[in-house]
Every structure is written in C-alpha cells, then in structure tokens.
Amino acid sequence: MLLNPHEYDPAHFDAETRRLLRATIDWFEQRGKAKLAEDYHARTFYADFLEFAGKEGLFSTFLTPAADAEGNPDKRWDTARVAALSEILGFYGLNYWYPWQVTILGLGPVWQSGNDVARKRAAAALDAGGVGAFGLSEKDHGADIYSSDLVLTKDGDGYRATGSKYYIGNGNCARTVSVFGRIDGVEGPDQYVFFYADSEHPNYHVVKNVVPSQMYVAEFRLEDYPVRAEDILHVGAEAFSAALNTVNIGKFNLCFGGIGMATHSLYEAITHAHNRVLYGKPVTNFPHVRREFVEAYARLTAMKLFSDRAVDYFRSANADDRRYLLFNPITKMKVTTEAQKVIGLVADVVAAKGFEAGTYLAMSKNDIDGLPKLEGTVAVNLALIAKFMPAYLFAPQEYAPVGTRTDAADDEFLFRQGPARGLSKVRFHDWKTAYAEAAHIPNVALFTEQAGYLVKLLTEAAPDEAQQADLDFGLALTELFTLIVYGQLILEQARITGVDARVVDQIFAVLVQDFSAAAVDLNGKASSTEAQQAIALAALRKPVVDAERFENVWTRVRELSGVYAMHP
C-alpha cells in the first residue's frame, strides 16, 4: 500500500515506465539524504534534478501525448504513471515535485490547442530537456482570470504583449510558457487569449523569485513581447475553458505529492519513536503515541485509496461521464489537508527531533501547508464541490463499472474536455451501493447513519435563499458532503484491492469523528436554524471501539519501523 523505494517495482507498468520510475528513485537515493537536506536549507535551485530529468527523457516521455509523440510507443499522457511519479517526487520533497507539477500545467493549454506548430514546438522543447510554466496568476488579481492586466495590442498580423505574471513556477527557465492575457479594445469573452512564450526571449524579463525556497516561483514581465499567429493557443471563451481544464488535469497531482510527503514522514517518525526510550520505556509504549500513529496510518491509507480510485475515473472519462470533475477538487482539497494532518500527527510524536536540519520532517512540516493553497484555497474547492451535491445525493444514474486503469493507454480526453460549464448537470452512480456492500464493517455502518442525516437536513431543513448566499454556512455543509464522497471511493478501492476489513474499520472510525466535528461546526454557524442544528447534533456518533482491531492496525504501523531510511 505505501511507497517503499527500497522495494519499489511497479510491475503493472510497461518496461520503459518501470525503468524511468526506478531511475528517478535511484537518482535521489544515490544523492542521499544529507545532500537533500543541505540543498533544501541552502535554497539551492534544483538544476541537477532538471538535468537528470532531461537526460533521461523523463518529462518528455510521461508528458507528451501519443498524438505528438511521432510514433514513439513509450510517449503518452497516462494519468496512472503521472500519479506514480508525482508520489515519488513528493516522497523526496515538495521542491522536486513542484517543477514537474508546473510543467504539467504549462503544457495543458498547448495540448488542448489545435495549433500544430505550437504543439510541435512544445514536444521538441520537452525532448531537449525543457520544462513548462503556467502564466496565469498576477500579483494584484491572483488567479482571477476575468481581471488580467497582461494586455495584447494589435501589431500587423500579430500582437505585442505587455504585462506581468506572478507566482509562476519554472518562470525563470521554462521554454514552454503558456501565458493568459486579454486583447486590448475587445470586450466580453472574446478578449481572452492564451499564447506561447519562451523565457529565453529578450522581451521576457524575470523579475525575481517571490518565495524563499529551492523552488523558483517567478515574477516575470513581458515588454512588447511579439506574439505571432503561430504562438496563439486559444482565443475567446476557449481560452477561458483551457485555463480551467488545465487545472482539472494538472492540480489533480497535488494529492499524490501530499501522499509521498506524508509517507516519507511516517517512515522517519515511526523508526525514530520506536527506537527511542523515555522514562525507561520505548516512546511507542505510550497510549497517546500509539493512537496518533494509528490515526496517521489510517488517514494516509485513506488518502492513497481515494486517490488511486480517482485515477480510474479520470482515465475512463468521456463527454458522457465527467464524474472526475467532482473527485478532482476533493483530491486538491481533502487529500492535501489530510496530508497536513498526517504530518502534524507524526511531528507531534517526534517533537524536537522534527526540527533537526537533517530530518525529512523538518522539510515536510515547513512545506506541506503549501499544497492546499496551490490551487486557490480550501474554500475555493469546497465551493466547487458544492455544485455537485444535489445530483450526487439525489439523482443517481447507471454507469458501466469502472475498473482499475493501469493500462498503457493515452488519456486523450483530458485535452478535449470542452467548455468548462454545466457542473451541476454531471451525474453519478449511486453512492449508497459502496456503503451497503461494506455495511458489515461497524464504523462504515455508523458513518452511513451519519450520511443519512445530511440527506435528512437537505430534504427536511434545506438551506433557504439567504443561507445559500452565505458562503460560511455553505462551506460547513459541503464539508459533510465531501466526507461522503471521500468514503465512497475509499470503499470502492478497498474492495478492489482487498484491504483488510480491520483497516477499513479503523479508517472509518476516523471519518466518523471527522463527520461529528463537521456537524458541530455546522451547528455553530451564525445562520443555522434550530431545525438544522437539531439534525446536525443528531448526527454525532462515537466510533465503535475495538481493541483487537486497533492492536492489529498498530502492529502494521510498528512493523514499518526500520523498513525504510533514505541513503545517508
């Protein structure tokens, strides 16, 4: 279940994918933990990693769609192996996951474009070891793409672009920079444009790195940058949709970065704690320490189960099945905040050790808060999730079963998602099925009862017009809904992979507590009515306690002690 670099052999992938994933692990392991920590604290730019990736053809192999591969059978956009590499890079640190992540974002508008010249240019740049950047955000507007101050003015058959972009990863070195702007003198949706830029052009000026980190998160400015017809990727409403659809494709990987970071942190923490004696006892003899480790393991396992199952829905998506559009913001919001909790739990156990410069925890604690904030905020994603709630809970639709998707297929639909609208019309299979199939597991049954109270609240005490406009109330309500979707995919993947029922029970013991906490939060909202408060408080449950189950899961955690330590 958990990534262990010492034993990693993803037999379900083809030979070249296995080779590249293994080569990536070997590069980090040979480099060693001391070098990893030294470069982190010295804020050394990761040029050596980019050189390795370019030499191996890592990004070009994994991030070139088959249509642009010129017959190379190893090149394709395969979400399963993109996720696998995202987890590996997160395992060795956010700073190495990040240039990969923003390259994915930078390529999104290109691969969605019908501009064959630009596509060939991007493929050639990848082959040469280049990386990408996503020129969307601005200093004054963030990701508010309605308000872009980067302006294109007409210049003969083309344009001249002037303006700044901010928070742009790889903006210092990317050969493929997808830049969003607007055309001067044009009103409405037709004003928007995505175009191809290159950081090596003399009219492209890197201002600074806006973060104190190994990562280069650039502010750059274009001054009369020439934009030719062959540089235009999208115009009008299509440019707007390309921005949002790129986020759908690229920000999915936040969850796997968080899983990698949490996994490495857990290994380091249990190995330290289980071999440390305080007051004459191993640290892991203390009941509160065991509880924190078991909770961390349960949360991490849940993260992995949900995210792996979400991959299947991404890869099986089509114009008539867009369920991935709900699972995506949950991976961005829920899984990344769970990674925060896991790292917080294990850091609490190891205490002072987690501050030492030579530890992975010192790095992961510092960086993990960035993941939920890399795509707007938790609130942005909760607001997006809310759009799916009525159809998900009350209007299920039959779909053919979606199996495990680790086949070597090109996920070409992701680059023809179409207009970014109609989210409330997306339909889902019946969520109650997964819960019914696991009803014999005590805490699953208890959580199912709690889910019923959300349905009850929405049918018997539905939010009125004022509450629907109250974002604070809406976010609390959506948190309850998110837990139901989260649990559904956890159960589906646990069933597919044969996870021990005791582990599933422990996961849902955590989810029962989380649902109760979210219900208390809803109860306390300023605008909640008495009827809503009564239903919310009626949903409170104490998880089913089972000493044998807890001991079984604790044993699994304890046995991770010494299983993995990075090469010195």
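The values are calculated or read from the model by the stated rules, or taken from the named source; none is laboratory data. Just so we're clear, the structure is a prediction, and the values are computed from it rather than from any experiment. Cβ coordinates were reconstructed from backbone atoms using ideal geometry, including for glycine residues, and neighbour counts include every protein chain displayed. The area values use the complete protein model at the heavy-atom level, side chains included, leaving out ligands, DNA and RNA. Shrake-Rupley method; radii C 1.70, N 1.55, O 1.52, S 1.80 Å.
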Legend entry - Unique residue being assigned to a helix (DSSP H, G or I), in contact (Cβ under 8 Å) with a residue 24 or more places away in the chain and either in contact with a Pro (Cβ under 6 Å, 6 or more places away or on another chain) or polar (S, T, N, Q) (or both) when the list is 368, 385: 385
Inset, instruction - Considering each residue of the range 112-158, count those that are without any contact (Cβ under 8 Å) to a residue 40 or more places away in the chain, buried (at least 17 other Cβ atoms within 10 Å of the Cβ) and closer than 16 Å to residue 246 by Cα, and give that number. - result: 1
Inset, instruction - Output the number of the condition that residue 502 fails; it satisfies all remaining conditions of (1) under 21 Å from the mean Cα position of the chain (by Cα); (2) open to solvent by 50 Å² or more (accessible area, probe 1.4 Å). - result: (1)
Inset, instruction - Kindly provide the set of residues from the range 159-171 that are of a type in the set (Lys, Arg) and surrounded by 24 or more Cβ atoms within 10 Å (Cβ to Cβ), ordered by number. - result: 165
Legend entry - residue 479 more than 26 Å from residue 325 (Cα to Cα) and open to solvent by 30 Å² or more (accessible area, probe 1.4 Å): no
Legend entry - Flag for residue 474 being part of a helix (DSSP H, G or I), surrounded by 18 or more Cβ atoms within 10 Å (Cβ to Cβ) and modelled with pLDDT under 95: yes
Inset, instruction - Test residue 67 against the criterion of being within 30 Å of residue 494 (Cα to Cα), assigned to a helix (DSSP H, G or I) and among the small types (Gly, Ala, Ser), and give yes or no. - result: no
Legend entry - Extreme residue, modelled with the lowest pLDDT, among residues of the range 189-205 that are outside any loop (DSSP other than H, G, I, E, B) and open to solvent by 60 Å² or more (accessible area, probe 1.4 Å): 189
Legend entry - Check on residue 81, open to solvent by less than 10 Å² (accessible area, probe 1.4 Å), charged (D, E, K, R) and assigned to a helix (DSSP H, G or I): yes
Inset, instruction - Answer yes or no: is there a residue in the range 355-376 that is farther than 23 Å from residue 40 by Cβ and of a type in the set (Asp, Glu). - result: yes
Inset, instruction - Go through the residues of the range 544-566 one by one and say whether even a single one is at positive phi, open to solvent by 20 Å² or more (accessible area, probe 1.4 Å) and either in contact with a Phe, Trp or Tyr (Cβ under 7 Å, 6 or more places away or on another chain) or in contact (Cβ under 8 Å) with a residue 60 or more places away in the chain (or both). - result: yes
Legend entry - Filter result for residue 565 (outside any helix (DSSP H, G or I), under 30 Å from residue 8 (Cβ atoms), within 29 Å of the chain's Cα centre (by Cα) and small (Gly, Ala, Ser)): yes
Inset, instruction - Would you check which residues across the range 220-248 are open to solvent by less than 30 Å² (accessible area, probe 1.4 Å) and charged (D, E, K, R) and list them? - result: 231
Legend entry - Among (1) more than 18 Å from residue 428 (Cα to Cα); (2) touching a residue at least 24 places away in the same chain (Cβ under 8 Å); (3) open to solvent by 20 Å² or more (accessible area, probe 1.4 Å) - the single one residue 356 does not satisfy: (2)
